[in-house]
Amino acid sequence: MTHPTGTSTALHILGVPIHDISCAEALERIAVWIHSGGAHQIATVNPEFVMAARRNPAFRAVLTQADLCLPDGVGITLAARWLGRPLRERVAGVELVERLARRAALTGWRIFFLGAAPGVAERAAQALATRYPGLVVCGTWAGSPAAAEEAHIARRVRDARADVLLVAYGAPAQDMWLARNLARSGAAVGIGVGGSFDYLAGVVRRAPLWVCRLGFEWLYRLLRQPRRWRRQLALPQFAILVLLQRLRQGRPLPGPTIT
């Protein structure tokens, strides 16, 4: 896969590329790719992705080769600031899907919803179709990231003539599935969207906007889903490693601001 023409050189956070691109620019890039054809993979990267990629070389290779690695997660934007390369915007996966659906309703792009628990993809697609009349949902399927199902699922997506394939198997499964199967699915764009279907379907309640703006969406999710605590252990490790990367770049540790 090729890196997006016109996108600035990626910032590498602990070896994982992050593109400084806005949601609006990502949508324009998607429009170009749908028009030109081919297979283009988008990853929505958060600190858990980065830590998983450190442990899993195959996952790291997938992220390195992706056409866009979007900064999803306040930890990524904070890390970029610490490293002296502040990003213009956080591009959350669920917000990208919302804006993509709105654009698709106007352009006629065909979207396939793959993954999540049985019935969730259908509910997410229906919710978006209700909000954005004219949205063409060309298919929904829970399926599985298991290798035995790959050929069947790819054929199902190809038969649906999807322009955009949204995959909600969670990382790294969704991103590695796309790397193996996007080209044969026939979709021009494949996006790993994590838990976005759960939010859109109303299975999981998203944090209020003011909580998101303060950067505490992760805490809100932890309070509502305490079982996530093990996953959150990656955050302090991520912060420490980013600070070490900053030191290796010859930049002092951030200190308190004196006014």
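Where a number appears in this text, it was derived from the coordinates with a stated rule and is not lab data. For clarity, every value in this text was computed on a predicted model and none was experimentally measured. Note that each Cβ is placed from the backbone with ideal geometry, even for glycine, and that neighbours are counted across all protein chains shown.
Note on Ala151 and Leu253: their simple-model spin labels are 5.6 nm apart, each label 7 Å out from Cα toward Cβ.
The length gained on full extension between Leu233 and Arg180, counted as 0.36 nm times the residue separation minus their Cα-Cα distance, comes to 16.1 nm. Measuring from a point 7 Å past the Cα of Ser36 along Cα-to-C-beta, which residues in segment 45-88 have an amide N at less than 13 Å? Residues passing the 13 Å test: 67-68. By definition, a body whose alpha carbon gyration tensor gives a ≥ b ≥ c is oblate when a/c is 1.5 or more and a/b is not larger than b/c, and segment 50-195 fits this oblate description. Modelled this way, with points 7 Å down the Cα-to-C-beta line, the labels at Val203 and Arg81 are 3.3 nm from one another. Prolate is the label for segment 123-191. Its Cα gyration tensor axes, ordered a ≥ b ≥ c, give a/c of at least 1.5 and a/b above b/c.
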